[in-house]
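One structure below.
The values are calculated or read from the model by the stated rules, or taken from the named source; none is laboratory data. Since we're looking at a predicted model, the values are computed, not measured. Cβ: placed from backbone, ideal geometry, glycine included. Neighbour counts: every protein chain shown. These area figures cover heavy atoms from the full protein model, side chains too; ligands, DNA and RNA do not enter into them. Shrake-Rupley method; radii C 1.70, N 1.55, O 1.52, S 1.80 Å.
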Amino acid sequence: MDNILELKNINKIYGNGEFKTQVLYDVNLNIEKGSFNSIIGESGSGKSTLLNIIGTLDKPTSGEVHINNIRTDSMKRAELADLRNQTLGFIFQFHYLLPEFTAFENILIPYLMKNSKPSKEIVERANELIELVGLTKVKNNLATKMSGGQQQRTAIARALINNPAIILADEPTGNLDSDTTEKIYTLLRKVNESFGTTFIIITHDRRIAEKADRNIEIKDGRINIDILR
Amino acid sequence: MDIFYEKFSTLLDKEDKENCVSFIMSLFQNASSPNDIVNVYTKILARALNEIGCSIADRNICIWKEHIRSSIVRTILENAYPFIVKIRNDIKSTNGKTVAVICPDGEYHEIGARMISDFFSLAGFESIYVGASTPKEEFINALNYKKIDIFALSITNYYNLVSAKKTITAIKEKAGNSVLIAVGGQAFNNNPSAVSSIGADILLHTFEDIWNLGNTMKEDK
């Protein structure tokens, strides 16, 4: 299987002089296209920093990041914004939906950032995604008029609107109860299997992690264990 | 052994606990060597559990059925102990070494571990089966009250390799190399290199592996 992501000797140091803090040490990691991966580790281990570097939200102090065989760590800001919008989808613990907009409108936002008006095709895709995540009945509700699980499912559909190759998720079920967590996991798996989307999920939730195809534990800024299901 | 497997499998499929137990007990009564017991464990009991299917008609009660079948096998294993002791005493092969068989924190699949514990007994060890999901602190504390030569960790769910590594690290910090760390289980099927990356000393797959380890330790005694 081809790699969709390659990290080579990634180091990350915050600060300078005597206040330097190194949070990642020589991290080498390949992620296969279409795989479902979990990153685990204690708080402060460096896993969110790693995810931010993968998502081009942060740059490594040294090392190389390759997404789809394109080196991203040396890209300019505008190029990175394009890459993120087209290739990467993000899901966070908090949904960051815009409260003035409906679920349907929120899902279209990543598309509207690059285009003034939604095309017929993108409206169709949004409706398909609404159905996929089971929000048909509440699609015209304002973001504030939905349950936590519905808001997170909206966020997942929003992450998928541009058909990204990779979804990066940071504690996507961190605010949810166990039943809703199971539903969200099932949904993420369905997306993974239906679209071949690669998932990299940071989680503290054993129920998510143990079902991933691969678990990578980060400890003290290094890969401590890397195991396959 | 296939004919015995087919019979047992049919009884297990019917969830006929009474006849499942009595059928396997009759095989144990005829056992005259460690391998006779091991064959029943691996070629009938383990095989039946691994090959448990779930028909479309039963798809909503798959876990229910799996748990009942596991429970029947667990009863058989409890009742096997007198036969294990008899065969071990017959061959007088005790090697004076003590092994604690444990599932690490979070690992609740214990049938494999129970079988392995009996394999250690048959190979001449004093084998202590501790149980499922044992917190790592308990391993460390156990070293203060009991001389243990081997910790054998059984790991089925690959995710539990993470807690196994924490446990092994803690044991090595406390006991250095005075305790051998053996590992085994389905978690290693796709992770053969995890044996060294979690800090274990040896991977045990089969009864023969355990038997050979017993011989090696007897020579070292």
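Whenever a residue of the range B:191-220 is open to solvent by 60 Å² or more (accessible area, probe 1.4 Å), its partners that are hydroxyl-bearing (S, T, Y), lying with C-beta atoms within less than 9 angstrom and at least six residues away or across chains, give the pairs B:T206/B:T42; B:K218/B:S93.
Anything in the range A:45-89 that is among the hydrophobic types (A, V, I, L, M, F, W, C) and open to solvent by 40 Å² or more (accessible area, probe 1.4 Å)? List them, or say none. Even if it seems obvious, please write down each step before you answer.
Filtering the range A:45-89 for residues among the hydrophobic types (A, V, I, L, M, F, W, C) gives A:50-51, A:53-54, A:57, A:65, A:67, A:70, A:75, A:78, A:80-81, A:83, A:88.
Listed by number, the residues that qualify are A:L57, A:I70, A:A78, A:A81.
Of all residues in the range A:79-111, which are aliphatic (A, V, I, L, M) and either touching a helix residue (DSSP H, G or I) at 6+ places or on another chain (Cβ under 7 Å) or in a loop (DSSP other than H, G, I, E, B) (or both)? Before the answer, list the steps.
Filtering the range A:79-111 for residues aliphatic (A, V, I, L, M) gives A:80-81, A:83, A:88, A:91, A:97-98, A:103, A:107-109.
Once the filter is applied, which keeps residues that are aliphatic (A, V, I, L, M) and either touching a helix residue (DSSP H, G or I) at 6+ places or on another chain (Cβ under 7 Å) or in a loop (DSSP other than H, G, I, E, B) (or both), the range A:79-111 yields A:I91, A:L97, A:L98, A:A103, A:I107, A:L108, A:I109.
If you go through the range A:164-179 one residue at a time, do you hit one that is within 14 Å of chain B (Cβ to nearest Cβ) and modelled with pLDDT of 90 or more? Let's see the steps before the verdict.
In the first step, residues of the range A:164-179 are kept if they are within 14 Å of chain B (Cβ to nearest Cβ); the result is none.
Among the residues of the range A:164-179, not one is within 14 Å of chain B (Cβ to nearest Cβ) and modelled with pLDDT of 90 or more, which makes the answer no.
Inside the range A:177-204, residues that are touching a helix residue (DSSP H, G or I) at 6+ places or on another chain (Cβ under 6 Å) and open to solvent by 20 Å² or more (accessible area, probe 1.4 Å) make up a count of 2. Pairing residues of the range A:8-20 that are closer than 15 Å to A:T49 by Cα with residues that are open to solvent by 90 Å² or more (accessible area, probe 1.4 Å), at Cβ distances under 6 Å and at least 6 apart in sequence or on separate chains, gives A:N9/A:D26; A:I13/A:K20.
Restricting to the range B:156-181, name every residue that is in contact (Cβ under 8 Å) with a residue 60 or more places away in the chain and more than 10 Å from chain A (Cβ to nearest Cβ). Scanning the range B:156-181 gives a single hit, B:T167.
Please give the number of the condition B:T42 fails out of (1) surrounded by fewer than 18 Cβ atoms within 10 Å (Cβ to Cβ); (2) free of Cβ contacts under 8 Å to residues at least 40 places away in the same chain. Tallying (1) surrounded by fewer than 18 Cβ atoms within 10 Å (Cβ to Cβ); (2) free of Cβ contacts under 8 Å to residues at least 40 places away in the same chain, B:T42 fails exactly one: (2).
Being touching a residue at least 12 places away in the same chain (Cβ under 8 Å) and either open to solvent by 30 Å² or more (accessible area, probe 1.4 Å) or under 18 Å from the mean Cα position of the chain (by Cα) (or both) is a property that A:I122 lacks.
So, of the residues in the range A:1-15 that are under 16 Å from A:I70 (Cβ atoms) and out of contact with any helix residue (DSSP H, G or I) (no Cβ under 8 Å at 6 or more places or on another chain), which turns out to be modelled with the lowest pLDDT?
Looking at the filtered set, the residue picked out is A:D2.
Of all residues assigned to the range B:135-155, at least one qualifies as being crowded, with 21+ Cβ neighbours inside 10 Å, within 14 Å of another protein chain (Cβ to nearest Cβ), touching a Phe, Trp or Tyr at 6+ places or on another chain (Cβ under 9 Å) and over 17 Å from B:T98 (Cα atoms). In a residue-by-residue description of the range B:76-84, the property of being outside the structural domain of B:N19 (by TED's automatic domain parsing) and open to solvent by 40 Å² or more (accessible area, probe 1.4 Å) applies to no position.
Kindly provide the set of residues from the range B:12-52 that are more than 16 Å from B:I72 (Cα to Cα) and part of a loop (DSSP other than H, G, I, E, B), ordered by number. Matches in the range B:12-52: B:N30, B:A31, B:S32, B:S33.
Each residue in the range A:143-173 was checked for being in a loop (DSSP other than H, G, I, E, B) and surrounded by fewer than 17 Cβ atoms within 10 Å (Cβ to Cβ), and 2 of them qualify. Each residue in the range A:6-29 was checked for being open to solvent by 60 Å² or more (accessible area, probe 1.4 Å) and among the acidic types (D, E), and 2 of them qualify. Checked against the criterion of being open to solvent by less than 90 Å² (accessible area, probe 1.4 Å), among the polar types (S, T, N, Q) and free of Cβ contacts under 8 Å to residues at least 24 places away in the same chain, the candidates B:S22, B:S70 yield just one match: B:S22. Listed by first and then second residue, the pairs with beta-carbon distance under 9 Å, at least 6 apart or on different chains, first residue in the range A:203-229 and more than 9 Å from chain B (Cβ to nearest Cβ) and farther than 17 Å from B:I198 by Cα, second open to solvent by 50 Å² or more (accessible area, probe 1.4 Å) and among the hydrophobic types (A, V, I, L, M, F, W, C), are A:D213/A:L228.
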